[in-house]
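Structure record follows, encoded as C-alpha cells.
The values are calculated or read from the model by the stated rules, or taken from the named source; none is laboratory data. The model shown is predicted, which means the values in this text are computed figures rather than measured ones. For neighbour counting, all protein chains shown are included, and Cβ atoms are generated from backbone atoms with ideal geometry for every residue, glycine included. All accessible areas refer to the heavy atoms of the entire protein, side chains included, with ligands and DNA or RNA removed. Shrake-Rupley method; radii C 1.70, N 1.55, O 1.52, S 1.80 Å.
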Amino acid sequence: MKSSVVEHLKPEFEPVAVVWSDDIPDHALEFAEGRFGCILHLFAEASRKGRVAGGSRDTIVCSGGRAALGFGVDFVESEDRLDHHAAIVSKGLESARDEEAYRQKMESVRPAWRPLYEFGERRHCSFEMARKWILECLPRYDIPYRYVLFKPLGETDSKENTRAVIFPVSPLELAGLTTLLGSVVEGADPIQVPQGADCFRITCFAYEQYDAEPPRAVLGMLDVDGREVMRKKFRDDTLTLTIPMPLFQRMEREAESSVLQIPGWSNLRGEH
C-alpha cells in the first residue's frame, strides 16, 4: 500500500497494518501452538524485520493477547477467572480475594512469572477498580476471522481488511502525526490514551475507534511490558500511534496539503 502520510513523514520505522484475515502467508511468523508469546513481538517483527506475523485462537496462548486481537474475552467467563485476572492487573497477592487459592496458583507458574503474580501489574489501585475496568472498559470482540495479521504497511494490499495502522514514532514524528490528525478530526482531542496493556492499545482499542465518530488514534507503549519491547526492538524514545483505518484514510487525503509540507516541518527534520 502506497501511503502519502508515510512518504511525507519519512518515519524511521516501518508502519504496520493490522489485518483481519482467514488466511496467513506460508512465510509468516506465528507462535507454535501451546507456546507462550506476546503479540507485541509480532508487531515488532513486522516493523523491524519486514515480516508478516500473525496469530489465531490456536496460537495465542495469553488470554490477554487473545482478547486484544479480538478472539474473545475468556477471563470473564467465571467469577474465579475474573477475580484472578483482576488481582493480577491490580496489586497481585495483596489484592487477591481468595489469597490461598491465588498463592497456590502463583507457586505453580514458571519462576519468571512469580513476581508478576506476587506484586501485580499495578494498573489499578484496587481489586474493585480492576474488576470494574475489565467488565466495563475493555473492548470486547469475537471477530469472524481466523487470523489477525501484522503486516508491513508497504506490503499490504488496499483491498485487505485493514483495521488500523500502527506507527512506531519518535517525539518529532508523533508531533507531525498529531498535528495532521488534529487537522482532520473535529474538536480538540484527536488521540485516546486509554488505561490498559499495550497489546490492547495497538489492537482492540483501535478496533473500537474504527466505528467511532469521530474516530481517534490511540497512543501506546506506555506500560512496563511495552517499554521493555521498545527498548529491545526499537529505542527508549519510541512510542506507538495506532490509527483506525477510516481515520488513516482521512489523513491520506490531507497529507499533500498538511503540516508535513510547510518549511517549519522541513527545518525540524534538517532538510534545509
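Details
- Karplus-derived 3J(HN,Hα), 6.51/-1.76/1.60, for each residue of the stretch 93-108, Hz, glycine and proline x: 4, 4, 9, 4, 6, 10, 4, 5, 4, 5, 4, 4, 5, 4, 6, 8
- Vicinal HN-Hα couplings computed from phi for the stretch 132-140 (Karplus, 6.51 cos²θ - 1.76 cosθ + 1.60; Hz; Gly/Pro x): 5, 4, 4, 6, 10, 10, 6, x, 10
- Rounded to 10°, Cα long-axis angle of helix 171-184 versus longest principal axis of the chain: 80
- For the stretch 168-272, the calculated P(r), taken from all Cα-Cα distances in 10 Å bins from zero up to the bin holding the longest distance, is 15, 43, 32, 10, 0 percent.
- Those residues of the stretch 15-56 whose amide nitrogen sits under 19 Å from the label point placed on residue 161, 7 Å along Cα→Cβ: 17-26, 53-56
- Amide H contacts under 5 Å for residue 37, placed H, 5+ residues apart: 61, 62
- Residue 221 accessible area, assembled protein chains, probe 1.4 Å, Å²: 0
- In the stretch 23-82, the GluC sites (Glu not before Pro) that fall in loop regions by DSSP, at most 14 other Cβ within 10 Å: 33, 77
- Residue 101 versus residue 49: modelled label distance in nm, points set 7 Å from Cα along the beta carbon direction: 4.0
- Fully extending the segment from residue 136 to residue 8, taken as 0.36 nm per residue of separation minus the present Cα-Cα distance, adds 42.2 nm.
- Crossing angle, helix 79-89 versus the chain [Cα axis fit, 0-90 degrees, rounded to tens]: 60
- Mean separation of Cα contacts under 8 Å (6+ apart) over length of the chain, as relative contact order %: 25
- Legend: translational diffusion of the chain by Stokes-Einstein, Rh = Kirkwood radius over C-alpha pairs, 4 °C, 1.567 mPa s; D = 67 µm²/s.
- Note on the stretch 20-104: percent of Cα-Cα distances in each 10 Å bin, starting at 0 and stopping at the bin with the largest distance, equals 16, 38, 27, 15, 4.
- Lysine pair number, Cα distance threshold 27 Å (strictly under), the stretch 1-136, separation 8 or more or different chains: 6
- Dipole of the stretch 119-266 [Lys/Arg +1, Asp/Glu -1 at C-beta], most positive-end residue of 240, 133, 166: 133
- Relative contact order for the stretch 175-240: 30 percent, from Cα pairs under 8 Å spaced at least 6 residues apart, divided by residue count.
- Ranking by accessible area, most exposed first, for 2, 105 with a 1.4 Å probe: 2, 105
- Sparse-neighbourhood loop sites, trypsin sites (Lys or Arg not before Pro) in the stretch 233-266 - DSSP loop, at most 16 other Cβ within 10 angstrom: 235
- Ordering of 110-118, 236-244 by packing [mean C-beta count within 10 Å, highest first]: 236-244, 110-118
- Working from Cα pairs under 8 Å separated by at least six residues, relative contact order for the stretch 196-272 is 29 percent.
- Inter-label distance, residue 212 to residue 118: 3.8 nm, where each label sits 7 Å from its Cα along the C-beta direction.
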